[in-house]
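Colleague: Got a structure for you, written out below as structure tokens; questions coming shortly.
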Amino acid sequence: MKAGIVGLPNVGKSTLFNCLSNAKAQSANFPFCTIEPNIGVVNVPDYRLEKLEELVTPERVLPATVEIVDIAGLVKGASKGEGLGNQFLGNIRETDAILHVLRCFDNDNIVHVDGSVDPIRDKETIDMELQLKDLETVEKKLEKVKRAAKTGNKEAQKEEAVLLKLKGGLESGISVRAIEIEKDARNEFVKPLQFITDKPVMYVCNVDEESAVSGNEYVDKVKVAVESENAEVVVLAVGTEADITELDTYEERQMFLEDLGLDEPGSAKLIRGAYKLLNLETYFTAGVKEVRAWTIPVGATAPQAAGVIHTDFEKGFIRAEVISYVDYTEYGSEAKVKEAGKMRVEGKDYVVKDGDVMHFRFNV
């Protein structure tokens, strides 16, 4: 599952990507320095994994990960191929969620592609280009569906009504995710078309160091502007976060954070937010060889969760032995949990809960 970082040129996308992934995407003060999308595999910070490591003392620990894609900056006219428009739109279509970076700081030394700082205008520029691309998709589909609807095909008529609603919304500047459509119709007619503006979005307000804790007036404006979108807003001093990642020791990083008044790097909150945005959750396996966090979609059953480890586990699934994270940490070991009668045996229909510690029995 991939989250794509998008935004206008020079808003801090590549700097953010670098401090998230510790990769070194080129970061320069001019547009289009990221021509090919850079992909980083980012560890998901999780205090529960640290606690399990403390209790089990395994040979190795493997955290959950999420893929972050740094995509070239978009400009006005991208939907018509301006700048790196077509490439940008192709790259963003392949992601599952959007991290939309907005410049919310003043700095005369960093040029803005439109000459002034205005995060709402920047957001609208990108929204409009993405909406125009989605409008193209709707219009192409409508051409086909209308022909079938005219013959009296009831299914085609239902689809035509949904597409016309989407068309009207997009023409009014409303993203697909914010257009009210009944759940069944959305699943049947909207989801298969993979609209760019239907992807879940998180707005990342890139602020100066002084605004890292409580934001600023630019951030306040963004929060008001996205109220109707049901989108999360994260405040991040991206340049400062990059400085923190350059420090050698954990102690130095913590001192830096304390000086800023932060309890953890903002990037950690952003990564967890991206994980949630992608509708993902974590279960754990815990043994002396390895303590590991495994990524599953919210709502996955026990056999599906087993299949993440190996397809044979899913095919030959017999049962899952499950301990809740709370019970594991309260009793301190698997043996003590068993003694207390807190280990559960679950079958094929069990829906895995975030934080479950699991052991699978299977037969191939």
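Colleague: Please go through segment 345-362 and give me each residue that is over 16 Å from residue 308 (Cα atoms) and in a loop (DSSP other than H, G, I, E, B), ordered by number.
Modeller: Scanning segment 345-362 gives 347, 349.
Colleague: Suppose we filter segment 187-224 for residues that are in contact with a strand residue (DSSP E or B) (Cβ under 9 Å, 6 or more places away or on another chain) and farther than 30 Å from residue 142 by Cβ; how many remain?
Modeller: Selection size over segment 187-224: 16.
Colleague: In addition: Restricting the search to segment 293-332, which residues are more than 21 Å from the chain's Cα centre (by Cα), in contact (Cβ under 8 Å) with a residue 12 or more places away in the chain and closer than 17 Å to residue 47 by Cα?
Modeller: 324, 325, 326, 327, 328, 329, 332
Colleague: Has segment 196-216 got any residue that is in a helix (DSSP H, G or I) and among the small types (Gly, Ala, Ser)?
Modeller: Within segment 196-216 (the criterion being in a helix (DSSP H, G or I) and among the small types (Gly, Ala, Ser)), the answer is yes, since at least one residue qualifies.
Colleague: Between residues in segment 210-233 that are hydroxyl-bearing (Ser, Thr, Tyr) and residues that are in a loop (DSSP other than H, G, I, E, B), which pairs lie under 6 Å by C-beta distance while being six or more apart or on different chains?
Modeller: 218/104
Colleague: Of the residues 321, 252, 281, 330, only one is modelled with pLDDT of 90 or more, among the acidic types (Asp, Glu) and part of a helix (DSSP H, G or I); which?
Modeller: It is 330.
Colleague: Oh, and also: If only one of 277, 236 is in contact with a strand residue (DSSP E or B) (Cβ under 9 Å, 6 or more places away or on another chain) and closer than 30 Å to residue 169 by Cα, which one is it?
Modeller: Within the list 277, 236, the selection yields 277.
Colleague: Additional query: Can you tell me which residues in segment 316-341 are open to solvent by 80 Å² or more (accessible area, probe 1.4 Å) and more than 25 Å from residue 279 (Cβ to Cβ)?
Modeller: 318, 319, 330, 336, 338, 339
Colleague: Among (1) open to solvent by 20 Å² or more (accessible area, probe 1.4 Å); (2) in a helix (DSSP H, G or I); (3) touching a residue at least 24 places away in the same chain (Cβ under 8 Å), there is one condition residue 268 misses while meeting the rest; what is its number?
Modeller: It fails just one condition, (1).
Colleague: Please work out if residue 120 is open to solvent by less than 80 Å² (accessible area, probe 1.4 Å), among the β-branched types (Val, Ile, Thr) and over 26 Å from residue 267 (Cβ atoms).
Modeller: No, not satisfied.
Colleague: If you go through segment 20-34 one residue at a time, do you hit one that is at pLDDT 80 or above and farther than 22 Å from residue 298 by Cβ?
Modeller: yes
Colleague: Here are some residues: 288, 224, 213. Which one is among the hydrophobic types (A, V, I, L, M, F, W, C), under 27 Å from residue 352 (Cβ atoms) and open to solvent by 50 Å² or more (accessible area, probe 1.4 Å)?
Modeller: 288
Colleague: Would you say residue 69 is modelled with pLDDT under 90 and over 19 Å from the mean Cα position of the chain (by Cα)?
Modeller: no
The values are calculated or read from the model by the stated rules, or taken from the named source; none is laboratory data. These figures come from a predicted structure and were not determined experimentally. Don't worry about glycine lacking a Cβ; one is built from the backbone with ideal geometry, like all the others, and counts go over all protein chains shown. Keep in mind that these areas ignore ligands, DNA and RNA; they rest on the heavy atoms of the full protein, side chains included. Shrake-Rupley method; radii C 1.70, N 1.55, O 1.52, S 1.80 Å.
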